[in-house]
1. All but one of (1) farther than 24 Å from residue 82 by Cα; (2) surrounded by fewer than 17 Cβ atoms within 10 Å (Cβ to Cβ); (3) at pLDDT 95 or above hold for residue 294; which doesn't?
2. Of all residues in segment 32-49, count the ones that are buried (at least 17 other Cβ atoms within 10 Å of the Cβ) and either modelled with pLDDT of 95 or more or assigned to a loop (DSSP other than H, G, I, E, B) (or both).
3. Of the residues 241, 231, 177, only one is outside any strand (DSSP E or B), in contact with a strand residue (DSSP E or B) (Cβ under 6 Å, 6 or more places away or on another chain) and under 26 Å from residue 294 (Cβ atoms); which?
4. Condition first: surrounded by fewer than 18 Cβ atoms within 10 Å (Cβ to Cβ) and either within 15 Å of residue 76 (Cβ to Cβ) or in contact (Cβ under 8 Å) with a residue 40 or more places away in the chain (or both). Now tell me which residues in segment 313-322 satisfy that.
5. Considering only residues of segment 164-174 that are in contact (Cβ under 8 Å) with a residue 40 or more places away in the chain and in a loop (DSSP other than H, G, I, E, B), which is surrounded by the fewest Cβ atoms within 10 Å (Cβ to Cβ)?
6. So if I check each of 132, 196, 140, 181, which one is buried (at least 23 other Cβ atoms within 10 Å of the Cβ) and over 15 Å from the mean Cα position of the chain (by Cα)?
7. Do we have residue 127 as part of a helix (DSSP H, G or I), under 18 Å from residue 59 (Cα atoms) and in contact (Cβ under 8 Å) with a residue 24 or more places away in the chain here?
8. Any idea which of 113, 100 is in contact with a helix residue (DSSP H, G or I) (Cβ under 6 Å, 6 or more places away or on another chain), modelled with pLDDT of 95 or more and closer than 21 Å to residue 79 by Cα?
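The values are calculated or read from the model by the stated rules, or taken from the named source; none is laboratory data. Here the structure is a predicted model, which means the values were calculated and not measured. Neighbour counts run over all protein chains shown; Cβ positions are idealised from the backbone, glycine included.
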């Protein structure tokens, strides 16, 4: 696979690769003529002060909140498995997992690096209230255990088991934190498109954003380059942009998604779905900048992702589902 930007700048590489995919895409198209009107109609005030749901997130506990967020983002994947998940009442798959981990931390305290290394799929099933007799759920719990084991080993090997030392090693740079986290396999969110290397680094970037939101840009949440983060490319924002007419799918791809067929991980269509959504947000940011509105991709992600939680977006079409450790 070829690099389209220096790997020393992971965020530039993400942007450049996704732009190239969007230009070459065959099954997903950005509706460029609609971008200007779309951004003008967005309720941008909803993106001004992003916040984490305090019921679902262990916030307000200093260093323990850092540990919680890094741990949560280590397992912030599984959307392709979520239709099989035993969900909490009125909670989506993500909020089921986040709330369960928050409840565990409130009852038992944070999981240390040494505890993370020892977690089994059975432990994960107990923490997240899941049934291992359901094979897709059992597979997800195995992946959760592997991700958490990796995180524990990484912290012990590189940072004396300290979550705070990991964040301090980023020296106030979200890009540097992204690069550090992608040393772990499940954070190293890179796919290929023909011979092009296409990184997304969704959860690594999201970790910096979550810390910034939780700590209001102070202490472990202080990053001097947050505005450089890209969209956190998953399966929800592409869905929102499809429903809103910003992304256009071929009839064949739309029919597969609407029939709830799994989109294979690493397939050309999966890369196009994520890359076109990411580049569409870049075009939206550029349009807003021309109109004198300063807003970052991170803020637009927050706005669009939360829009996708509305009942309308859950009912009109299903979103694409891919069983992957990256989202």
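1. (3)
2. If we filter segment 32-49 for residues that are buried (at least 17 other Cβ atoms within 10 Å of the Cβ), which is where we start, we get 35, 38-39, 42, 47.
Then drop every residue that is not either modelled with pLDDT of 95 or more or assigned to a loop (DSSP other than H, G, I, E, B) (or both), which leaves 35, 38-39, 42.
Qualifying residue count, segment 32-49: 4.
3. Of the residues listed, the single one that is outside any strand (DSSP E or B), in contact with a strand residue (DSSP E or B) (Cβ under 6 Å, 6 or more places away or on another chain) and under 26 Å from residue 294 (Cβ atoms) is 241.
4. 316, 317, 318, 321
5. Filtering segment 164-174 for residues that are in contact (Cβ under 8 Å) with a residue 40 or more places away in the chain and in a loop (DSSP other than H, G, I, E, B), the one surrounded by the fewest Cβ atoms within 10 Å (Cβ to Cβ) comes out as 172.
6. When all the criteria are applied, what remains is 140.
7. no
8. 100
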